[in-house]
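Participant: Handing you a structure now.
The values are calculated or read from the model by the stated rules, or taken from the named source; none is laboratory data. What you see is a predicted model, and the numbers here were worked out from it, not measured in a lab. Positions of Cβ are generated from backbone atoms using ideal geometry, with glycine treated the same way; all protein chains shown enter the neighbour counts. Each accessible area value is taken on the protein alone, full model and side chains, heavy atoms only, with ligands, DNA and RNA left out. Shrake-Rupley method; radii C 1.70, N 1.55, O 1.52, S 1.80 Å.
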Amino acid sequence: MVLTAVEIAASVRAGTLDPVQVTREALDRIGAADGVVGAFRRVRAEEALKEAAEVAARPDLASLPLAGVPVAVKDVTEIEGEFASHGSPAGPSSPATADGLVATRLRAAGAVLVGLTRVPELCIWPMSDTPDGIARNPWDPTYASGGSSGGSAAAVAAGLVPLAHGTDGMGSVRLPAAMCGLVGLKPGADRLAEGGWFGMSVHGPLATTVADTAVLFSVLAADPSLASVPTPEPVRIGMSTTVPLLHTPVPKELVAAVSTAAGHLSAAGHTLSTAAPRYPATMVLGMTARWLAGPAVQAEGFSFSGLQRRTRAHVRAGRLIQRAGLIRERTRELWLARASEFFDGHDVLMTPTLSHWPVKAGRWHEKRWLTNVLPSTRLAGFTGQWNFAGYPAITVPVGRSVVSGLPTSVQLVTRPGGESLLLGLAAQLESANPWPRTARK
């Protein structure tokens, strides 16, 4: 079993683990398993070993929160000497001349960047396959690992690395975390947004434990205080298992995960009730418009003819949305007013993370746009609205399906600035109901 990030960093700081050996072992695991899992687009073997040696020689080693920890980064990340493909051969491929914000903060914390993880083209879909590989669910490789941070989730769930970076525009951290049995945090838009998808996309951590999630979050947010996971005072939690507005049926085992988590949180002293926000009908239109138009903006730097068929259709629709002026702030303001109304009477909302089971792994990039849209919207009914609102949300594992063996999970949502509350509740669930950390035997 791979050590947690907290354990690795503590041992490296104490001088009882060598960062180079830790990195070499991670690269060995990747070499042994990634041919099946398909988590990485690019493994930085030589570079990672060199970086690990540099970490070991740092004079500030004893203070580094991620000292010597192998971390996978999503293939949207600017790393000096690498190019971020965003899942496509149609974009620029010149190596970056400097680290971007994410890589800069990870390196400053002592992390070793072992590779770039697989994503769907322009990060549009909740399945992560490209012409050169398919990111598969380590619990059952016949299923997709999710997306768009599917490669990151697969890398952590397979035990290849203890931590991975992701981004979340409509659920892209939480959905793969849920599918792969991980903790996945989507911070609020005020924490780690860089403006993508009209403010809906944010950076976030994927990990096997709450403590590891908190440490990576604190590093990404450049706020060391966020690494401490508090024990929350009793809070008011509203529960809902109904897909907002659409009311599509949710599989029984995904619904049951909410009841299981509710029992543990009630035993911890929290007050639970059945409740949900008054979702406005325009909410779905507003977040869908941004999901379409966001990638259309990004595609301006790509060769349109080189994009996949499904992506070209998506970009065309997004450009129509922009020309029609359908990115309207008042649509978001109405949703924010309704969300605020709910959180005046509740501290947290709990839902299933997934509204349907994951799709089978395959070459989804070869299929038509509508063939991708239908299963994608079917399983993402609980997530995108919180990107639209900019509220923080976390996915927490709860159990395993007795039918498929796939993980089940819940999503917790709270007001802006409440990430530490979410982590504290997740830690209570972890303590009461420990989950298997990885799919590695």
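Participant: At what distance in nm do the modelled label points of SER266 and THR142 sit from each other, each positioned 7 Å from its Cα along Cα→Cβ?
Facilitator: Taking the two extended label points, one gets 3.7 nm.
Participant: If you find the alpha carbon centre of region 114-186 and of region 22-79, how far apart are they in angstrom?
Facilitator: Region 114-186 and region 22-79 have Cα centres separated by 17 Å.
Participant: Please compute the per residue accessible area over region 149-257 with all protein chains in place, 1.4 Å probe, rounded to a whole number of Å².
Facilitator: Working: 2960 Å² over 109 residues.
Using a 1.4 Å probe on heavy atoms only, each residue of region 149-257 averages 27 Å².
Participant: Step through the residues of region 420-425 one at a time and calculate ³J(HN,Hα) from phi using the Karplus curve (6.51 cos²θ - 1.76 cosθ + 1.60, θ = phi - 60°), rounding each to whole Hz and writing x for Gly and Pro.
Facilitator: Coupling constants for region 420-425: 5, 4, 4, 5, x, 5 Hz.
Participant: Taking only Cα atoms of the chain, what ratio of Rg to Rh do you get with Rh as the Kirkwood inverse-distance radius?
Facilitator: Expressed as Rg/Rh, it is 0.94.
Participant: Based on the Cβ-Cβ distance from GLU54 to ASP132, what FRET efficiency comes out when R0 is 30 Å, to the nearest 0.05?
Facilitator: Working from the Cβ atoms, E equals 0.50.
Participant: Quick one: 3J(HN,Hα) in Hz for region 127-134, Karplus 6.51/-1.76/1.60 with θ = phi - 60°, rounded, Gly and Pro as x.
Facilitator: Taking θ as phi minus 60°, the curve returns 8, 10, 10, 9, x, 9, x, 10 Hz for region 127-134.
Participant: Of the options ALA275, VAL396, ALA84, report the single residue whose Cα projects farthest towards the positive end of the charge dipole of the chain (beta-carbon charges: Lys, Arg +1; Asp, Glu -1).
Facilitator: Highest projection toward the positive end goes to ALA275.
Participant: Students often get this wrong: which residues of region 357-375 have the backbone nitrogen under 15 Å from the point 7 angstrom along Cα-to-C-beta of SER404?
Facilitator: Taking a point 7 Å out along Cα→Cβ of SER404, the residues of region 357-375 whose backbone N falls under 15 Å are 357-362, 375.
Participant: Roughly how many whole Å is it from the C-alpha centroid of region 283-356 to that of region 257-272?
Facilitator: Between the Cα centre of region 283-356 and that of region 257-272, the gap is 32 Å.
Participant: Considering the convex hull of the alpha carbon atoms of region 235-379, report its projected area averaged over all viewing directions, in nm², one decimal. The partial results should precede the final answer.
Facilitator: Details: hull surface 42.6 nm².
Here the figure is 10.6 nm², rounded to one decimal.
Participant: Still on this structure, I have one more. Can you give the helix-only mean residue ellipticity at 222 nm for the chain, where every DSSP H stretch with n ≥ 4 adds -39500 (n - 2.57) and the sum goes over all residues, rounded to the nearest 500 deg cm²/dmol? It would help to have the intermediate numbers written out before the result.
Facilitator: Numbers: 16 runs with 178 residues, N = 441.
Counting only the DSSP helices, I get -12500 deg cm²/dmol.
Participant: Where does each of SER88, SER94 land when they are ordered by accessible area, with a 1.4 Å probe and the largest first?
Facilitator: SER94, SER88
Participant: Quick check for me: using +1 on Lys/Arg Cβ and -1 on Asp/Glu Cβ, what's the dipole size of region 313-398 about its Cα centre, in debye to the nearest 20? Write down the numbers at each step before the final one.
Facilitator: Details: 12 positive and 6 negative charges, 155 e Å.
With only Lys, Arg, Asp and Glu charged at Cβ, the dipole is about 740 debye.
Participant: Let me ask something additional. Could you give the dipole magnitude of the chain about its Cα centre, charging the beta-carbon of Lys and Arg +1 and that of Asp and Glu -1, in debye to the nearest 20? Could the numbers behind the result be given before it?
Facilitator: Details: 40 positive and 35 negative charges, 312 e Å.
That gives a dipole near 1500 debye.
Participant: Further question on the same structure: Putting +1 on Lys and Arg Cβ atoms and -1 on Asp and Glu Cβ atoms, find which of VAL413, GLY263, MET287 reaches farthest to the positive end of the dipole of the chain.
Facilitator: Of VAL413, GLY263, MET287, it is MET287.
Participant: Can you list residues whose amide H is under 5 Å from LEU163's amide H, if they're 5+ apart or on another chain and H is modeled 1.01 Å from N?
Facilitator: Residues meeting the amide H criterion: ALA72.
Participant: Which FRET efficiency value, to the nearest 0.05, is calculated for VAL36 and VAL373 with the Förster distance at 22 angstrom and r the Cβ-Cβ distance? Don't skip to the answer; put the middle values down first.
Facilitator: Working: r = 28 Å, r/R0 = 1.28.
Once the sixth-power term is evaluated, E becomes 0.20.
Participant: Express the carbon and sulfur contribution to the solvent-accessible surface of the chain as a percent, rounded to the nearest whole number, probe 1.4 angstrom.
Facilitator: Reported share for carbon and sulfur atoms: 56 percent.
Participant: In µm²/s, what is D for region 311-437 at 10 °C and 1.306 mPa s, where D = kT/(6 pi eta Rh) by Stokes-Einstein and Rh is the Kirkwood radius from Cα pairs?
Facilitator: Result for D is 92 µm²/s.
Participant: Quickly work out the SER225-to-VAL255 label distance, labels modelled 7 Å from Cα along the C-beta direction, and quote it in nm with one decimal.
Facilitator: 4.2 nm
Participant: Is any residue of region 267-287 close enough, with backbone N under 12 Å, to a label point placed 7 angstrom from the Cα of LEU334 along the Cα-Cβ axis, and if so, which?
Facilitator: 279-287
Participant: Quote the relative contact order of region 119-229 in percent (integer), defining contacts as alpha-carbon pairs under 8 Å separated by 6+ residues.
Facilitator: Relative contact order, region 119-229: 19 percent.
Participant: Below 12 Å, Cα to Cα, which aspartates and glutamates can LYS186 reach? Residues fewer than 8 away in the same chain don't count.
Facilitator: ASP168, GLU419
Participant: Rounded to the nearest 0.05, what FRET efficiency do ALA62 and THR97 have when you use their Cβ-Cβ distance and R0 = 41 Å? Before the final figure, lay out the partial values.
Facilitator: Numbers: r = 31 Å, r/R0 = 0.77.
About 0.85, to the nearest 0.05.
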